[in-house]
């Protein structure tokens, strides 16, 4: 029975990986997971809400957010990756705001236009000056929480761009930690793929603007 269950799980995971609706990621809160970071983070945000008593103070709203997260996972299993990510991001905002909770908003931010190689997240030498500007920016806000957001253009699939944006955001966050600009516990990286464009993707200039990393100061 156990062997049959194990083989079933392996088969489901293998199918998901081959069909492109699952991916293998490594995050800070969860060592390994077959889900986009937005889905995993939405669960953590709901757990944080529960820790502050939201499930008791406003149970109906709490259950509604929990259902939205379940629906996001169900949508992901159907290989509608971007729809699932959008649902999870919305659920995260609702979880943070449950029972008059506060949604953290950036105090200040800087946008970095970095020149990553195709399908790569390695920091290139010619981008160091741009990153050093961000290091100075962070140093002016010592003791603050830092959020690094990765964004892409619309070339390639939503699934592909989601993973790419997460890897690039993490690479930038790792650079700041390595330079001593911020402690690991005070920085978070997240990828949004192609879901938050700042320009139209029908021109090269617009796509270049969308391929960006935002460094946000979230306060202390």
Q: Answer with yes or no whether residue 46 is in a helix (DSSP H, G or I), over 28 Å from residue 208 (Cα atoms) and at pLDDT below 85.
A: no
Q) Looking at this structure, is residue 116 part of a helix (DSSP H, G or I) and assigned by TED's automatic domain parsing to the domain that holds residue 174? A) no
Q.
So for the stretch 145-153 (the condition being more than 23 Å from residue 92 (Cα to Cα) and either buried (at least 17 other Cβ atoms within 10 Å of the Cβ) or modelled with pLDDT under 90 (or both)), does at least one residue qualify?
A. yes
Q | Options 96, 124, 145; residue that is in the same structural domain as residue 206 (by TED's automatic domain parsing), closer than 18 Å to residue 217 by Cβ and out of contact with any strand residue (DSSP E or B) (no Cβ under 7 Å at 6 or more places or on another chain) | A | 145
Q.
Can you find a residue that is out of contact with any helix residue (DSSP H, G or I) (no Cβ under 7 Å at 6 or more places or on another chain), part of a loop (DSSP other than H, G, I, E, B) and over 21 Å from residue 218 (Cβ atoms) anywhere in the stretch 181-197?
A. no
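The values are calculated or read from the model by the stated rules, or taken from the named source; none is laboratory data. The model shown is predicted, which means the values in this text are computed figures rather than measured ones. All Cβ positions, glycine included, derive from the backbone under ideal geometry; neighbour counts span all protein chains shown.
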